[in-house]
Amino acid sequence: MSDSSPTTMKAPPSAYQIIQIPEPYADVIQRRGLPGGKYVKAEDSPWVPFGDNAAIRHLAFDVRNNIASNILWVKSGGVIGTHRHRGTVVMVCLEGSVRYLEYDWVAGPGDFIYEPPGITHTLVSDHPQGVKLFGWLQGPIEFYDEHANLIETVDVWWYIHHYESYCRAHGIPINEEMFI
Ligand SMILES: [Fe+2]
């Protein structure tokens, strides 16, 4: 009996070796793509202060898609003030815990946070160790003061300036691998 239904993968192939697969555009990818992708060693990227109670370890800047990736470290009692998203942010909690004044949940290690365009909220950490959040941040984020005045619209250029200005001031080499 023949079975014409398509097969589905039940598990990934597991040959522990490099397999050369056909690639008709190998030359184009080599010239125009990012062969090998990017690798950024975390400890090569400094913790750059973000106010008195937070710091950012920058990981990547995609200037074509207005994306920055980093680890945000908010210390205990720290606040990332009210902000509105104009793009989409994806985060995973690595350590500690984080919550938002506007919501009733608390995110701990391994938890996933998705922040789509249009939402406005205020991030705090009450955990004794604060929180570390891996983030993939696309699009502008508007920051407001306590009187609802717009302070700045932050996007990939802000993140690059935050990273590079700190590196220059402290004699830390700029890691070109971070620029996608
Ligand atoms: Fe947010």
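The values are calculated or read from the model by the stated rules, or taken from the named source; none is laboratory data. Bear in mind that the values here come from a model prediction, so they are computed numbers and not experimental data. Glycine also receives a Cβ, built like all others from the backbone with ideal geometry; neighbour counts cover every protein chain displayed.
What to note about this one:
- Within region 140-162, the presence of a residue that is at positive phi and buried (at least 16 other Cβ atoms within 10 Å of the Cβ) is excluded.
- Residues (closer than 17 Å to G87 by Cα and either touching a His at 6+ places or on another chain (Cβ under 9 Å) or in contact (Cβ under 8 Å) with a residue 40 or more places away in the chain (or both)) located in region 129-152: F134, G135, W136, L137, Q138, G139, P140, I141, E142, F143, Y144
- Pick from region 103-128, criterion in contact (Cβ under 8 Å) with a residue 24 or more places away in the chain and among the charged types (D, E, K, R), ranking: surrounded by the most Cβ atoms within 10 Å (Cβ to Cβ): E115
- Residue within region 159-171 that is within 16 Å of the ligand (Cβ to nearest atom), under 18 Å from the mean Cα position of the chain (by Cα), touching a residue at least 40 places away in the same chain (Cβ under 8 Å) and in a helix (DSSP H, G or I) present: yes
- Of the residues making up region 51-85, those that are within 13 Å of the ligand (Cβ to nearest atom) and in contact with an Asp or Glu (Cβ under 7 Å, 6 or more places away or on another chain) are H83, R84, H85.
- I71 satisfies every condition listed in (1) of a type in the set (V, I, T); (2) more than 26 Å from S165 (Cβ to Cβ); (3) buried (at least 17 other Cβ atoms within 10 Å of the Cβ) except (2).
- Among the residues of region 20-68, those identified as among the β-branched types (V, I, T) and either touching a strand residue (DSSP E or B) at 6+ places or on another chain (Cβ under 8 Å) or touching a residue at least 60 places away in the same chain (Cβ under 8 Å) (or both) are V40, V48, I56, V63, I67.
- For the residues G81, G118, the requirement of being under 18 Å from A55 (Cα atoms) and of a type outside the set (D, E, K, R) singles out G81.
- The number of residues in region 17-61 being more than 16 Å from the chain's Cα centre (by Cα) and farther than 20 Å from Q129 by Cβ comes to 22.
- Residue in region 64-77 that is modelled with pLDDT under 95 and either in a loop (DSSP other than H, G, I, E, B) or in contact with a helix residue (DSSP H, G or I) (Cβ under 9 Å, 6 or more places away or on another chain) (or both) present: yes
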